[in-house]
Amino acid sequence: MPRVCVLMAQGFEEIEAVTVIDVLRRGEIDVTTLSVGGTGPGSLEVMGSHGIPLRADRTLTQGVSEAWDMVILPGGIPGSTNLRDSPEVQAMLRSMAERGRKIGAICAAPIALEAAGLLRGKKATSHPGVEKQFRDVTYSTDAVVRDGNILTSRGVGTALDFALDIVRDLRSPEVEQKLRVGMLVPA
């Protein structure tokens, strides 16, 4: 079973995080949520950008060294800037890339990938306006963009397609299609 971690920093976008977690679990992908800078030392509680608190499974420090197949970064402000500015997140992203692992970021979260140097020479997307922070990126307005092991998406309205693309990649097109039919998501 593929293993994925979702990094939740203070101010994460709730819809993007919960949609990805839910869809991946429906697709029988092992998902672990990791808090980045929770509300207290070693805290698992993370406040979303719209005031909805979620409890992570573990802290980033507790899960950073595990063998993940993919790391996923939900967007949101200031969640995305907190991911970008975290030395621990930056080190994890670079390590995942060096090991050929998959990395996904949605909405404003691709700024963390940019800061890690992972978007250089790549095709990517983000929430409108965020692309102004990118250098040497072929920017696309497609809902979901894959370039090698990097997957990016636009925002809340594309979260289902983003999550289903991950299911297709980590499981199979058949599992993705089964989920689409069951959740009434048009292809």
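A short reminder: the numbers here are calculations on the coordinates, not readings from a lab. On a predicted model such as this, the values are computed, not experimentally measured, just so you know. Counting neighbours? That spans all protein chains shown, and the Cβs are built from the backbone with ideal geometry, glycine included.
Close amide H contacts of residue 32 (hydrogens built in the peptide plane, cut-off under 5 Å, sequence separation of 5 or more or a different chain): 4, 5, 6.
When both bridge partners sit in the chain, DSSP labels roughly 25% of those beta bridges antiparallel. Looking at 76, 20, 119, which one has the Cα that reaches farthest to the positive end of the dipole of the chain (charges on Cβ: Lys, Arg +1; Asp, Glu -1)? Going by the charge dipole, the pick is 119.
Look at where the Cα atoms of segment 1-71 and of segment 121-140 average out, and the two centres are 24 Å apart. Note on residue 187 and residue 3: with the Förster distance fixed at 35 Å, the Cβ-Cβ geometry gives a FRET efficiency of about 0.85. Estimated at 0.36 nm per residue, the fully extended path between residue 55 and residue 132 surpasses their Cα-Cα distance by 24.5 nm. Could you tell me the relative contact order of segment 40-109? Use alpha-carbon pairs under 8 Å, at least six residues apart, and round to a whole percent. So the answer I get is 32 percent.
For the options 106, 52, 166, a Gaussian network treatment of the chain with springs between C-alpha atoms closer than 10 Å singles out 52 as fluctuating the most.
Think of each Lys and Arg Cβ as +1 and each Asp and Glu Cβ as -1; about the Cα centre, that makes the dipole of segment 1-156 roughly 360 debye. Listing 123, 102, 132 from fewest to most neighbouring C-beta atoms within 10 Å gives 132, 123, 102.
Cβ-to-Cβ counts within 10 Å put 151, 179, 113 in ascending order as 179, 151, 113, the fewest first. The ranking of 71, 156 by Cβ neighbour count inside 10 Å, starting from the fewest, reads 156, 71.
Between rounded, prolate and oblate, where does the chain land on the alpha carbon gyration tensor, with a ≥ b ≥ c its root eigenvalues, rounded for a/c under 1.5, else prolate if a/b exceeds b/c?
rounded
With both labels modelled 7 Å from their Cα along Cα-to-Cβ, the residue 67 to residue 95 distance reads 1.4 nm. Give me the percent relative contact order of segment 1-81, please, defined on Cα pairs under 8 angstrom at least 6 residues apart. Contact order relative to length: 43 percent. Full extension of the chain between residue 43 and residue 142 gives 32.0 nm of extra length, using 0.36 nm per residue less the Cα-Cα distance. Computed over the chain, relative contact order equals 21 percent, with contacts defined as Cα pairs under 8 Å that lie 6+ residues apart. When +1 charges are put on Lys and Arg Cβ atoms and -1 charges on Asp and Glu Cβ atoms, the dipole computed for segment 2-59 relative to its Cα centre reaches about 160 debye.
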